[in-house]
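Colleague: I am attaching a structure below and will ask some questions about it afterwards.
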Amino acid sequence: MKFKKVVSAVLLAAMTMTCMAGCGSNSDSQSGSGSSNSSSGSGDTIKIGGIGPVTGSAAVYGMAVKNGAELAVKEINAAGGINGAQIEFDFQDDENDAEKAVNAYNTLKDWGTQAVLGTVTSAPCVAVGEVAQADNTFLLTPSGTAVDCVKYDNAFRVCFSDPMQGLESAKYIGEHNLATKVAAIYDSSDVYSSGIYEAFVKEAANQNFEIVAAEAFTKESNSDFSVQLQKAKDAGAELVFLPFYYTEASLVLKQAAGMNYSPMFFGCDGMDGILAVKGFDAELANDLVFLSPFTPTSEDEAIQKFVTDFQEAYGETPNQFAADAYDGIYAIKAAMEQAKVTPDMSVTDICDALKTAMTEITIDGVTAKSLTWEASGEPSKEPMVVKIADGDYAVVE
Amino acid sequence: MSFISYLINGISLGSVYAIIALGYTMVYGIAKMLNFAHGDVIMIGAYVVMASVTGAGLPPFAAVLISIVFCTVLGIVIESVAYRPLLNAASSLAVLITAIGVSYLLQNIALLIFGANTISFASVVPIPAIELAGGSLTITGEAIVTIVLCIIIMTTLTLFIKKSKAGQAMLAVSEDKGAAQLMGIHVNGTIALTFAIGSALAAIAGVLLCSAYPTLTPYTGAMPGIKAFVAAVFGGIGSIPGALIGGILLGVIEIFGKAYISSQMADAIVFGVLIVILIVKPTGILGKNIQEKV
């Protein structure tokens, strides 16, 4: 009996150790990235915080944003920083959870962050937006697409909003006569997916196609799409609109192939990254079309440089989230230079200065040429359409 | 034709729920505890198959066997380390909370080892899809294998409990732990065996689940686990045929609800039906009536 207790105690200790080791290595890498960028001591550095999911189901986006932002920070620091001050960057994990995102924001506040790049996903972004507004902290989300992400005047975004994406998708399908009968499948439990869907339906009324099936799913039932696809097939849809993330989309494509249904599939920016799913049969994604602000195969010189540097640093091709974050950091830099921000300014002063500065700057980014912002927080730029062919992304126009 | 197609999809989805529900129902019936980590054992089982096939290059059949052995051992370890010391604790809540803890532990271990990225799970089912009625009805190989395996497992398990000595011991333990011990039955061993069988079934369920819905993340097991728990309660928790009936009904109601009522309301419909059944028959469809002796 005694022996058993000892064994279980040892096992328990071992389990606890593994957990702690996990957390330990995580925070090590975070503080490592922060300290490596601060060549000068605190006080004369500008502290920028980042928030996003580095673990959990949306970790792909969080990691991409973290890497893209760190690459930009490294480049800016090497080139002399912002107004002569080096940037210190700290990225906190929110696991794509609103509550944890607010905790992450508070951690950054304690650390002394002067501007925040984040958050990466919509729901946490709305939550952080509320507290950041109360504190008057400048917030620039690289990829939070929900309308409410930039509800307050201290928040801006790099990506398109959900309604914008729905509107542009419907316009594109209509103007290019891709189909006359369209089915839409969307995640009614997700603000991103339903936001796009609603705008899509609204715009579809003005276009020359008809929505023959509109089917929903929720995050509690996001593995079986046989019914939704069957209904789309029975309704004779030639195009199926999939405004949600690629994790579910890869299942939809697989199940459609399983039931011998091959309409044209059309997605939004959440589709980006589908080819990076380990073990995914790229053949299934052939001819998949989606709206994306960034494509790594573009011949543009700035994009090519970004892609090469990113591959060198992290061993993978950047996706649009990395690009959004990269542009986000450069936008913060441009705005801070415009507003002549110095490290000794308070968070509120910086925020007030940046609110005006953001509307005055124009940056040549990797997600758009001459990217500008409106006071509402929305960027103004042209969408790009990407088609997957032979297992690679290609720009349609 | 689409009606038949929906029905087959529903039965196939329900069969996966049924196999998972078996694990819940056996452990509950015999150890009188809810093993909420069951769903995560499924996920671990699927990861083991994935790692053996893509990592070690083993044939799928061998990988499934390894996964079954691995999960069986895992089930026994979880039971002896986390649950057994608490089985006689004053509150049965202690075991329940521990089970939730084990569930998170397994998820986070998988997160640490395999990362959060979604992995596309290559189906281990070698049977191609069958086309009927000139292509308007397609039955996937995974659906056939799932349904057939579900029936085989259910029959074997019922025979095992009815005919074998170990099965009889399980029945005895489920009826009265104290009395069973007095009769010379090794109660702890019997409970460990229950966990072993439950976890082996979890491995099979994991393979089937991920073959039919081929994405794998550390959270893959969580939602099917909860749905299967519902299926177990639906059919009458503690009853093996109840798990089968509950699982298949749940799958069929879910798919039909999506198809004919509203795809958005599917889960609300499933749980609504559950509430109605529990009001009419509080112990579930095949649940035993427990008579309180005064």
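The values are calculated or read from the model by the stated rules, or taken from the named source; none is laboratory data. None of the values given here were measured: they were computed from a predicted structure. Cβ coordinates were reconstructed from backbone atoms using ideal geometry, including for glycine residues, and neighbour counts include every protein chain displayed. Just the protein is used for accessible areas: all its heavy atoms, side chains included, with ligands, DNA and RNA removed. Shrake-Rupley method; radii C 1.70, N 1.55, O 1.52, S 1.80 Å.
Colleague: Of all residues in the stretch B:139-188, which are surrounded by 18 or more Cβ atoms within 10 Å (Cβ to Cβ) and within 14 Å of chain A (Cβ to nearest Cβ)?
Modeller: Within the stretch B:139-188, B:139, B:140, B:142, B:143, B:145, B:146 meet the criteria.
Colleague: So in the stretch A:137-173, with the set limited to residues that are polar (S, T, N, Q) and not in a helix (DSSP H, G or I), which one is farthest from residue A:189 (Cα to Cα)?
Modeller: The extreme case among them is A:137.
Colleague: Residues that are touching a strand residue (DSSP E or B) at 6+ places or on another chain (Cβ under 7 Å), part of a loop (DSSP other than H, G, I, E, B) and either open to solvent by less than 20 Å² (accessible area, probe 1.4 Å) or more than 26 Å from residue B:115 (Cα to Cα) (or both): does the stretch B:227-246 have at least one?
Modeller: no
Colleague: Could you check the stretch B:247-262 and list, in sequence order, the residues that are open to solvent by less than 20 Å² (accessible area, probe 1.4 Å) and either of a type in the set (A, V, I, L, M) or within 11 Å of chain A (Cβ to nearest Cβ) (or both)?
Modeller: B:250, B:251, B:254, B:255, B:257, B:258, B:259
Colleague: Among the residues of the stretch A:173-211, write down those that are away from chain B (no Cβ under 13 Å) and touching a Ser or Thr at 6+ places or on another chain (Cβ under 9 Å).
Modeller: A:191, A:192, A:195, A:196, A:199, A:200, A:203, A:208, A:209, A:210
Colleague: Looking at (1) within 14 Å of chain A (Cβ to nearest Cβ); (2) open to solvent by 20 Å² or more (accessible area, probe 1.4 Å); (3) more than 22 Å from residue B:155 (Cα to Cα), find the lone condition where residue B:221 falls short.
Modeller: The one condition residue B:221 does not meet is (2).
Colleague: Restricting attention to the stretch A:180-194, and to residues there that are out of contact with any strand residue (DSSP E or B) (no Cβ under 7 Å at 6 or more places or on another chain) and open to solvent by 20 Å² or more (accessible area, probe 1.4 Å), which single residue is nearest to residue A:221 (Cα to Cα)?
Modeller: So the residue we want is A:189.
Colleague: Hey, another quick one. Give the residue, chosen from A:232, A:282, that is modelled with pLDDT under 85 and within 13 Å of chain B (Cβ to nearest Cβ).
Modeller: A:282
Colleague: May I pose another question? Is it true that residue B:64 is touching a residue at least 24 places away in the same chain (Cβ under 8 Å), over 17 Å from residue B:23 (Cα atoms) and more than 14 Å from chain A (Cβ to nearest Cβ)?
Modeller: Yes; evaluated as a whole, the condition is true for this residue.
Colleague: Among the residues of the stretch A:342-397 satisfying the criterion of being over 21 Å from residue A:49 (Cα atoms) and in a helix (DSSP H, G or I), which is farthest from the chain's Cα centre (by Cα)?
Modeller: Applying the filter and picking the extreme gives A:360.
So that you can scan it fast, the table gives a plain yes or no per residue for (1) polar (S, T, N, Q); (2) outside any loop (DSSP other than H, G, I, E, B):
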position	(1), (2)
B:4	no, yes
B:7	no, yes
B:12	yes, yes
B:16	no, yes
B:45	no, yes
B:57	no, no
B:63	no, yes
B:81	no, yes
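Colleague: Right, something else. Being open to solvent by less than 50 Å² (accessible area, probe 1.4 Å), at negative phi, over 22 Å from the mean Cα position of the chain (by Cα) and facing chain A (nearest Cβ under 10 Å) is the filter here; which residues of the stretch B:85-117 pass it?
Modeller: Once the filter is applied, which keeps residues that are open to solvent by less than 50 Å² (accessible area, probe 1.4 Å), at negative phi, over 22 Å from the mean Cα position of the chain (by Cα) and facing chain A (nearest Cβ under 10 Å), the stretch B:85-117 yields only B:116.
Colleague: Restricting the search to the stretch B:67-84, which residues are touching a helix residue (DSSP H, G or I) at 6+ places or on another chain (Cβ under 7 Å) and within 14 Å of another protein chain (Cβ to nearest Cβ)?
Modeller: Hits for the stretch B:67-84 are B:74, B:76, B:78, B:79, B:80, B:81, B:82, B:83, B:84.
Colleague: Now, a different point. Look at the stretch A:302-315 and say how many of its residues are part of a loop (DSSP other than H, G, I, E, B) and surrounded by 14 or more Cβ atoms within 10 Å (Cβ to Cβ).
Modeller: Of the residues in that region, 0 qualify.
Colleague: Follow-up question, since we're still on this one. Any idea which of (1) of a type outside the set (Gly, Ala, Ser); (2) in contact (Cβ under 8 Å) with a residue 24 or more places away in the chain; (3) within 24 Å of residue B:214 (Cα to Cα) is the one residue B:152 doesn't satisfy?
Modeller: Against the list (1) of a type outside the set (Gly, Ala, Ser); (2) in contact (Cβ under 8 Å) with a residue 24 or more places away in the chain; (3) within 24 Å of residue B:214 (Cα to Cα), residue B:152 comes up short only on (2).
Colleague: Okay, moving on. Scan the stretch A:80-114 for residues that are within 28 Å of residue A:190 (Cβ to Cβ) and of a type in the set (A, V, I, L, M, F, W, C) and report the count.
Modeller: Of the residues in that region, 6 qualify.
Colleague: Answer with yes or no whether residue A:97 is farther than 24 Å from residue A:317 by Cα and within 14 Å of chain B (Cβ to nearest Cβ).
Modeller: yes
Colleague: Could you pull out the residue among A:379, A:343 that is in contact with a strand residue (DSSP E or B) (Cβ under 9 Å, 6 or more places away or on another chain), over 19 Å from residue A:88 (Cα atoms) and open to solvent by 10 Å² or more (accessible area, probe 1.4 Å)?
Modeller: So the residue among A:379, A:343 that is in contact with a strand residue (DSSP E or B) (Cβ under 9 Å, 6 or more places away or on another chain), over 19 Å from residue A:88 (Cα atoms) and open to solvent by 10 Å² or more (accessible area, probe 1.4 Å) is A:379.
Colleague: Another question about this same structure. Take residue B:123 and decide whether it is of a type in the set (Ser, Thr, Tyr) and within 14 Å of chain A (Cβ to nearest Cβ).
Modeller: Yes, satisfied.
Colleague: Among the residues of the stretch B:127-143, is there at least one that is among the β-branched types (Val, Ile, Thr) and in a helix (DSSP H, G or I)?
Modeller: no
Colleague: When you look at residue B:81, is it without any contact (Cβ under 8 Å) to a residue 40 or more places away in the chain, open to solvent by less than 50 Å² (accessible area, probe 1.4 Å) and not small (Gly, Ala, Ser), yes or no?
Modeller: yes
Colleague: I would also like to ask the following. Would you call residue B:270 within 14 Å of chain A (Cβ to nearest Cβ), among the hydrophobic types (A, V, I, L, M, F, W, C) and either touching a Ser or Thr at 6+ places or on another chain (Cβ under 7 Å) or in a helix (DSSP H, G or I) (or both)?
Modeller: yes
Colleague: Anything in the stretch A:239-262 that is within 7 Å of chain B (Cβ to nearest Cβ), over 22 Å from the mean Cα position of the chain (by Cα) and closer than 16 Å to residue B:216 by Cβ? List them, or say none.
Modeller: If the condition is that a residue be within 7 Å of chain B (Cβ to nearest Cβ), over 22 Å from the mean Cα position of the chain (by Cα) and closer than 16 Å to residue B:216 by Cβ, then A:254 is the only one that fits.
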